[in-house]
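Colleague: Right, I'll just put the structure down here and ask away after.
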């Protein structure tokens, strides 16, 4: 077979033509190779993204839900199996060592004492005279001391019927009485005509809205006590009580809208009999947090949808700071000229936490988590110094900005630099993209003393509702959802202001029916009423 060289023509023009054809084919092959390589990289990125999605779902189902960043390696853990290697030394003889111990405060250990306000009954355990009598001389041993121990005795609940006898009085003998029959005042009831006392109704509501006890379980508990009460009765009591405190709930709403800083979030809720909607449809409980003279106010309101119009309607006319997560429904209201939209660092962190968890601590996300952790440590330190509502707001803002502005600038520089190297479809790429998109909002918390880096306090206020929803699963009607929203508003605001919820409801239910003036009734608001005054 002749070689390639032998088959080549001698003509220069022909040779150039062959070389040109070969170069053209090479260029086509190079383009094809680049296209194949690009396609391969795209498939690799898609495969990695799917693997990350699978890993995230696997962690959500089987892994820990906590977002706390644990240390990657416990320095003491390796000693469990390497004790000999760890402590072995070349010298076997005794060696003196000195250890410097820094001064520190140690928490007091042991049992915590029972609260001083609990009722105490002394039960004296004494020996009989016969046992104290000396067998030798017959005299009585003297008492030289005693040991005192306390034990808690819970008294199981029992049902007691209070019979209210309301006396009536007729006319006297003169026959000139202006009113022929007079009657003593009966008990002032939060639900007129109810067979249950105000304290009992407060107990029912505390059980459901604080302890997440569904009414069907309460029905069973009452049955064991010998009281047959259907859950429909309990629901009606809740609705009537909610209407009775409606003025207080409305005042909470009005005062929230007067707050210079508002936080807003929402969570799902199923309402079975919502108009023109199926029972499987998702409705929403919207939660708003504000401040009144440094005290936190929490307001729940129900709406069938998650539309941004809900937030816009609620905040119509509001002027101040609005802190939310990155949900697009808040974007339009956040662009209002009178509203300054603030982001949430916790949601930024959450995405980097997911990326770091899937990467098992080996990726770049851990760097961002470390920087956020340093930011939060500064916030905790300065809040410990100044408090949630600083009296000297100017000094607080200056000190916080001096401490945290350089950290925020370093975080932004890292985000920009790392964004150029990260795969956009990866968890890290998505986390960086989300952070950069929210950055101008996330850093605005430096501008007001009531703002914090995140919306976590508000999310903590939602948690009691979410825990309750896991037990009672749904609301039957929109009316019930609205009433639940009002009662959650009153109870969660009371808790945030330092009230014990059952004790507070008892006080409100006893006092509210006796007050005729609105200004007197508003004195029962949990952020106005002193928890120590009743």
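Colleague: Which whole-number percentage describes the relative contact order of the chain, with Cα contacts under 8 Å and a sequence gap of 6 or more? Mind showing how you got there, number by number?
Modeller: On the way: 544 pairs, mean separation 93.8, N = 534.
18 percent.
Colleague: Moving on to the next point. Mind ranking 448-458, 6-16 by how tightly packed they are, going by the mean number of other C-beta atoms within 10 angstrom, highest first?
Modeller: Values: 448-458: 20.6, 6-16: 9.0.
Descending mean neighbour count gives 448-458, 6-16.
Colleague: Where does helix 456-472 land angle-wise versus the long Cα axis of the chain, in degrees 0 to 90, nearest 10?
Modeller: Here the helix axis deviates by roughly 70 degrees.
Colleague: OK, next. With both bridge residues required to lie in region 289-433, what share of the DSSP beta bridges run antiparallel, to the nearest 5%?
Modeller: Values: 4 of 8 bridges.
Counting DSSP beta bridges with both partners in region 289-433, the antiparallel share is about 50 percent.
Colleague: State whether region 395-514 is rounded, prolate or oblate according to the following rule on the C-alpha gyration tensor (a ≥ b ≥ c being the square roots of its eigenvalues): a/c under 1.5 gives rounded; otherwise a/b larger than b/c gives prolate, and the remaining case gives oblate. Working shown, then result.
Modeller: On the way: a/c = 4.30, a/b = 1.84, b/c = 2.33.
In terms of gyration-tensor shape, oblate.
Colleague: What nm value, rounded to one decimal, do you get for the distance between residue 35 and residue 335 when each label is placed 7 Å out toward the C-beta?
Modeller: Calculated label separation equals 4.1 nm.
Colleague: Please work out the Cα center distance from region 281-298 to region 345-419, rounded to the nearest Å.
Modeller: If we compute the Cα centre of each part, the gap is 25 Å.
Colleague: When the distances between all Cα atoms of region 224-345 are binned every 10 Å from zero, what whole-number percent does each bin get?
Modeller: Bin by bin from 0 Å, the calculated values are 12, 35, 31, 16, 5, 1, 0.
Colleague: By how many degrees, between 0 and 90 and to the nearest 10, does the Cα long axis of helix 215-224 differ from the longest principal axis of the chain?
Modeller: Once rounded, one gets 40 degrees.
Colleague: By per-residue mean of other Cβ atoms within 10 Å, what is the highest-first order of 25-34, 328-337? Don't jump to the answer; show the numbers that get you there.
Modeller: Numbers: 25-34: 10.0, 328-337: 14.9.
Highest to lowest by the protection proxy: 328-337, 25-34.
Colleague: Does region 267-409 come out rounded, prolate or oblate by the C-alpha gyration tensor, with a ≥ b ≥ c the root eigenvalues, rounded set by a/c under 1.5 and, if not, prolate when a/b is larger than b/c and oblate if not?
Modeller: Details: a/c = 2.34, a/b = 1.35, b/c = 1.73.
Note, shape of region 267-409 comes out oblate.
Colleague: If you line up the long axis of helix 393-419 against the longest principal axis of the chain, both from Cα atoms, how many degrees apart are they, to the nearest 10?
Modeller: Once rounded, the angle reads 30 degrees.
Colleague: Let me ask you something else. Label-point separation (nm) for residue 173 and residue 47, each offset 7 Å from Cα along Cα-to-Cβ?
Modeller: A separation of 11.1 nm, rounded to one decimal place.
Colleague: To continue, here is another question. Is the shape of region 295-338 best called rounded, prolate or oblate, per the rule: a/c under 1.5 gives rounded, else a/b larger than b/c gives prolate, else oblate, with a ≥ b ≥ c the square roots of the Cα gyration tensor eigenvalues?
Modeller: Working: a/c = 1.45, a/b = 1.01, b/c = 1.44.
Rounded is the answer for region 295-338, as its axis ratio a/c remains below 1.5.
Colleague: Treating region 344-452 as a set of equal point scatterers at the Cα positions, no solvent, please give the Debye-formula log₁₀ I(q)/I(0) at q = 0.16, 0.17, 0.21 Å⁻¹.
Modeller: These q points yield log10 I(q)/I(0) values of -0.71, -0.78, -1.07.
Colleague: If you bin the C-alpha pair distances of the chain every 20 Å from 0, what whole percents do you get?
Modeller: Final binned percentages: 14, 35, 28, 14, 6, 2, 1, 0.
Colleague: Which FRET efficiency, nearest 0.05, do residue 268 and residue 457 yield, Cβ-Cβ r, R0 22 Å?
Modeller: Working: r = 20 Å, r/R0 = 0.93.
With R0 = 22 Å, the Cβ-Cβ based efficiency is 0.60.
Colleague: I would also like to ask the following. Rounded to the nearest 5, what % of the DSSP beta bridges within the chain are antiparallel ones? Walk me through the numbers on the way to the answer.
Modeller: Working: 20 of 28 bridges.
Of those bridges, close to 70 percent are antiparallel.
Read-outs throughout are calculated quantities, based only on the coordinates presented, and are distinct from any laboratory measurement. These numbers come from a predicted model, not from an experiment. Because the Cβ atoms are built from the backbone with ideal geometry, glycine has one as well, and the counts that use them run over all protein chains shown.
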